[in-house]
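Working notes, beginning with the structure itself.
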Amino acid sequence: MKRSTWQEGVHQPWHAVRAAAMDAPPSPSAEALLQEAFAAASDRGYREGWAAAQQDAADEIQREIAAATEQLRASADEERERLTQTRHQLEALFAGLTQAIDAQANSAQEVAVEVSYAAVAKVLGQQYANRTLMQAICQQAVQTTKHRVAAVRLAPQDAALDLAGLSVDVIADSMLSAGQCVIETAAGHYQLGLDVRLEALKVALLAGFAAHVAERGAS
């Protein structure tokens with residue numbers, strides 16, 4: 001039996017290691033390692049870049065939405081202010097128109113009162129000119145007075161009126177103007193001439209006008 005020397009014992013493991021190394025799969029080269037590392041880095045960079053790009057896009061969209069919302073809010077505020085100003089202008093215009101209409105209506109009513117009074121005065125003047133008016137006034141005064149009429153005083157130009165059938169004295173009074181009439185009774189003197197009738201008509205027209213204006217103001 002052959003005995004192993006110590007050199008053989010020493011070299012035997014090395015040969016085994018070498019044989020095992022030769023049988024093992026070859027290790028990747030430095031270039032392959034670099035390519036793998038580059039691919040991994042590229043993939044990670046792509047993923048991180050894509051995520052960052054998505055976040056940037058989302059942030060930009062949020063900024064655009066915020067800006068658009070603020071612009072819409074500002075536009076809405078401006079429109080609301082414009083509508084408020086327009087409403088105030090229309091209210092002021094309506095109030096002015098209402099006042100103008102009321103003033104015009106009052107003016108028209110005043111004119112109507114004046115025209116009515118003038119028309120009546122004209123008619124009365126025409127009737128006075130042909131003597132029928134004073135005759136009718138005197139006859140009515142004598143017939144409607146509660147106390148017995150003793151005399152009728154007229155202006156000198158009216159004293160020639162035909163008051164037949166009234167059984168009263170007609171007295172020409174130089175203190176009276178044309179159209180004036182004073183009747184004498186046991187209770188006193190009463191003025192019932194044309195001037196008194198016109199003044200009563202004027203007062204009645206003005207009172208009616210004032211009542212109408214007050215009624216319009218209360219409504």
Highest to lowest packing among 187-193, 75-81, scored as the average C-beta count within 10 Å: 187-193, 75-81
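Give the dimensionless ratio obtained when the Cα radius of gyration of segment 131-218 is divided by 2.2 N^0.38 Å. It would help to have the intermediate numbers written out before the result.
On the way: Rg = 16.2 Å, N = 88, 2.2 N^0.38 = 12.1 Å.
Taking N as the residue count of segment 131-218, the ratio is 1.34.
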Per-residue ³J(HN,Hα) for segment 136-144, Karplus 6.51 cos²θ - 1.76 cosθ + 1.60, θ = phi - 60°, Hz, x for Gly and Pro: 5, 4, 5, 5, 5, 4, 5, 7, 9
Simple spin-label estimate for ALA76 and GLU114 in nanometres, 7 Å along Cα-Cβ: 5.8 nm
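All of the numbers you see were taken from the coordinates with simple rules; none came from a lab. The structure presented is a predicted model; accordingly, all values stated were derived computationally and were not measured. With ideal geometry, Cβ positions are generated from the backbone for all residues, glycine too; neighbour counts draw on all protein chains shown.
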